[in-house]
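Read the structure below first, then the notes.
Rule-based calculations on the coordinates, nothing more; no lab input. Not measured: the values here are computed from a predicted model. Methodologically, a virtual Cβ is constructed for each residue, glycine included, from the backbone with ideal geometry; neighbour enumeration extends over all protein chains shown.
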Ligand code: KG4
Ligand code: ZN
């Protein structure tokens, strides 16, 4: 097989990931997570994440190489998440990538984390039809992207103006007494409940659509859920946790899917790629597919392990860049916590 062998390093948040791909084929996806160390804080603590990356970097690299049955000498290029993300966390991955690149005389590609979340789908479903719309929903970001050409960068259409979708899941789970991260327990509880409570749909009123058509807002929803639960507790009645979970989840999924499909229709796009941890949500997948089908739009969602942060997504984007003949980054490539697309 003469397609380039590309290794990808991801350290933008709490997952240390090293993935290896050849062309569109995934050969290794090694992951170490510090999520348990953050659980008692209810969110990722940057300093704790950086230290965990430092400890996990070399062993995770070794596991990926072993899994793929290759050595660093076999690799044609190294891709690394250069941003956006936590500055200290990104620095560990970028420094490691430079070190390996220098030691083994390999080109290094600094890539954008959000573009990598879209690119990972190619490992599951093959080449991405372009243009496509990307909906990225995780604990750190909620964005709509127009993807004309993955290797030339993608165009942001909108993003959250306050909390990310996953952050809303985590905060609502906390107030319902569920563990962190809150997405999975809310997803499970919602299956046992009814979405009977009308919670607000952020930035969907006509006056908001004028300026924030493809933006999201979840902090008002989170507050509305908190108020509703408080009022119930004051009344002495039991809180119908499963119904609250289902109603909250429906409010999030309703806005995400409506705006994603609006973006597809506005830009004449018939492929919607969903990525990020929240893409694992069963209701989001079902609602997106149902609504997209009505407009002849195909929804692509990679398997859950590829939706959350990992090294394979970085390798996948690196592989596209190498295949497109894009020039590598310079060895003084910086980590850029606020990297634009
Ligand atoms: O992509 P990810 O692993 O990390 C980043 O934040 O970058 O996403 C984690 C987020 C968390 O907020 C978690 O609660 C959410 O994804 N999540 C879910 C589900 N599984 C994970 N949210 C809703 N439903 C799920 N099934
Ligand atoms: Zn991510």
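For the chain, the longest principal axis of the Cα atoms and the long axis of helix 87-104 meet at an angle of about 20 degrees. With a simple spin-label model that places each label point 7 Å from the Cα along the Cα-to-Cβ direction, the separation between residue 87 and residue 47 comes to 1.5 nm.
Inter-part distance, the stretch 115-137 to the stretch 278-341, computed on C-alpha centroids, equals 5 Å. With both bridge residues required to lie in the stretch 127-304, what share of the DSSP beta bridges run antiparallel, to the nearest 5%? Taking every DSSP beta bridge within the stretch 127-304, about 55 percent pair in antiparallel fashion. When the square roots of the Cα gyration tensor eigenvalues are ordered a ≥ b ≥ c, the ratio a/c for the stretch 1-97 is 1.5 or more and a/b exceeds b/c, which makes its shape prolate. On full extension, the segment bounded by residue 125 and residue 265 gains 48.2 nm, given 0.36 nm per residue less the C-alpha separation.
Protection proxy ranking of 125-137, 50-62, by the mean of other Cβ atoms within 10 Å over each peptide's residues and highest first, is 125-137, 50-62.
If both residues of a DSSP beta bridge must be in the chain, then about 60% of such bridges are antiparallel. In the chain, helices alone account for a calculated mean residue ellipticity at 222 nm of -14000 deg cm²/dmol, with every DSSP H run of four or more residues adding -39,500 (n - 2.57).
Extension gain for residue 303-residue 40 works out to 91.9 nm (0.36 nm per residue, less the C-alpha to C-alpha distance). The overall shape of the chain, judged from the alpha-carbon gyration tensor, is prolate: a/c is not under 1.5, and a/b is greater than b/c. How would the stretch 238-341 be classified by its alpha-carbon gyration tensor: rounded, prolate or oblate, with rounded meaning a/c under 1.5 and the a/b versus b/c comparison settling the rest? Prolate. With the simple model of a label 7 Å out from the Cα in the direction of the Cβ, residue 95 to residue 205 spans 4.8 nm. Cα-based values for the stretch 127-304, radius of gyration first and Dmax second, are 16.3, 57 Å. Bridges between two residues of the stretch 1-147, per DSSP, are antiparallel at a rate of about 70%. Given their separation in residues at 0.36 nm each and the Cα-Cα distance between them, residue 102 and residue 175 gain 21.5 nm when the chain is fully extended. Working note: Debye formula, equal point scatterers on the alpha-carbon atoms of the stretch 85-203, no solvent; log10 I(q)/I(0) at q = 0.10, 0.16 Å⁻¹ is -0.47, -1.01. In the elastic network of the chain, a GNM with C-alpha springs shorter than 10 Å, the most mobile of 168, 195, 280 is 195.
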